[in-house]
Amino acid sequence: MELAKRPRRLRKNQNIRRLVRETSLSMDDVIYPLFVVEGSGIKREIPSMPDIYQFSIDRLMFELDEISKLNIPGIILFGAPGKKDEEGSGAWNSNGIVQRALIQAKKRFPELIMVADVCLCGYTNHGHCGKVENHKVLNDASVELLAKTALSYAVSGADIVAPSDMMDGRVGAIRRELERNGMHDTGIMAYSAKYFSSFYGPFRDAACSAPSYGNRSSYQMDSGNLKEAAREVELDIQEGADIVMVKPALSYTDVIVKIKSCFDIPLAAYNVSGEYSMIKAASDKGWLDEKKAATEVLLSIKRAGADIIITYFAKQLAGWLEEKIHM
Ligand code: PBG
């Protein structure tokens, strides 16, 4: 007699689906991005990112309190400084916006994991991620400035520094700079496979970091490339990364699958601003159910192999998991 193969047996009700579900979301997996600005009393919504705000340091402390209570294990901090210059010197200024935020935040929330994004684009007047000469982004000169910046964040209390610039050799340079200065315990989460993407648009409104001319295609990866992602990750691991990252996440889940299968190192994926805002916009119009769409996207990123998801939905996810909203 032919065996009756009936996969629907395991889909009959919510409880059997719970029992056989292979992947599920948890607050253990998420990092929440935050934008910090000069001034006081500021909590300013970013027009292209509903429910996401720029905070002055005083208001950031209230936000961190809420985040800790929601059981979010970590945050990633981005600074939007008051003044920018040609080199981006605000990035490594010991009295810079992110440095001051880290010092205060670490004092009050020592257990919350604080990641500091390391890049120059928010600090340079041209908006590129490194040092520019004749409209060309210089690699090695930029790496020196990035290493200085990473050390400054580490000294101010960052648990992890996260270079997002895509210059060659910056992970090694940062690791050497940290070691040389006794910062042996600072982790490096490398934006290893960071693609040149249209999905960063809303973020650039939040961090005021859009390039004033040209674009980032000479340093960020070309979106047609998969094998190159493995080469980038391999280099970053050799250079001393503790965690590697794929970014964006949603249009690059094949990259997540590949990196997960090739390397035994914690893998983060960044569910970026544009991926967030398109769900927000569609749900605002009533075209998508926000909770269902967002949890489905986050689950797809986890199913692909991400151990950590950086997502603007982290706070909402806490509420959704509480309500036990599952697919
Ligand atoms: C800085 C940086 C960017 C993002 C994270 N770090 C923007 C960029 O490379 O232009 C994007 C994050 C997002 O879109 O949510 N280099």
* Structure fact -> Rounded to 0.05, the calculated FRET efficiency for the beta carbons of Ser24 and Glu111 at R₀ = 22 Å is 0.35
* For helix 253-262, report the angle its Cα long axis makes with the longest principal axis of the Cα atoms of the chain; keep it between 0 and 90° and round to the nearest 10°. => 80 degrees
* Write out the chymotrypsin sites (Phe, Trp or Tyr not before Pro) in region 254-287 meeting two conditions: DSSP loop, and at most 14 other Cβ atoms within 10 Å of their Cβ. => Trp287
* Can you flag which of Lys106/Lys280; Lys280/Lys315; Lys69/Lys324 are past 20 Å Cα-Cα? -> Lys106/Lys280
* Asked: Which of the chymotrypsin sites (Phe, Trp or Tyr not before Pro) found in region 186-219 are in a DSSP loop and have at most 16 neighbouring Cβ atoms, other than their own, within 10 Å?
  -> Phe196, Tyr213
* Asked: Which percent, to the nearest 5, of DSSP beta bridges fully inside the chain are antiparallel?
  -> 15 percent
* For region 157-166, in order, what is each residue's ³J(HN,Hα) by Karplus, 6.51 cos²θ - 1.76 cosθ + 1.60 with θ = phi - 60°, in whole Hz (x at glycine and Pro)? -> x, 4, 6, 9, 10, 10, x, 10, 7, 6
* Considering only protein heavy atoms, what per residue accessible area in square angstrom results for region 25-325 with a 1.4 angstrom probe? -> 41 Å²
* Please sort by residue number the trypsin sites (Lys or Arg not before Pro) in region 245-327 whose DSSP state is loop and whose Cβ has at most 12 other Cβ atoms within 10 Å. => Lys285, Lys324
* Asked: Can you work out ³J(HN,Hα) from phi for every residue in region 46-58, in order, using Karplus 6.51 cos²θ - 1.76 cosθ + 1.60 and θ = phi - 60°, giving whole Hz and x for Gly and Pro?
  -> 8, x, 8, 9, x, 6, 10, 10, 8, 10, 6, 4, 4
* **Backbone N under 17 Å from the His184 label point (7 Å along Cα→Cβ), restricted to region 127-166** => 155
* Kirkwood hydrodynamic radius over Cα pairs of the chain, then Stokes diffusion coefficient at 20 °C and 1.002 mPa s, in µm²/s -> 105 µm²/s
* **Apportionment of accessible area to carbon and sulfur, region 25-325, percent (1.4 Å)** => 49 percent
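The values are calculated or read from the model by the stated rules, or taken from the named source; none is laboratory data. The shown structure was predicted, so the numbers you read here are calculated from the model rather than taken from an experiment. Neighbour counts run over all protein chains shown; Cβ positions are idealised from the backbone, glycine included. The area values use the complete protein model at the heavy-atom level, side chains included, leaving out ligands, DNA and RNA. Shrake-Rupley method; radii C 1.70, N 1.55, O 1.52, S 1.80 Å.
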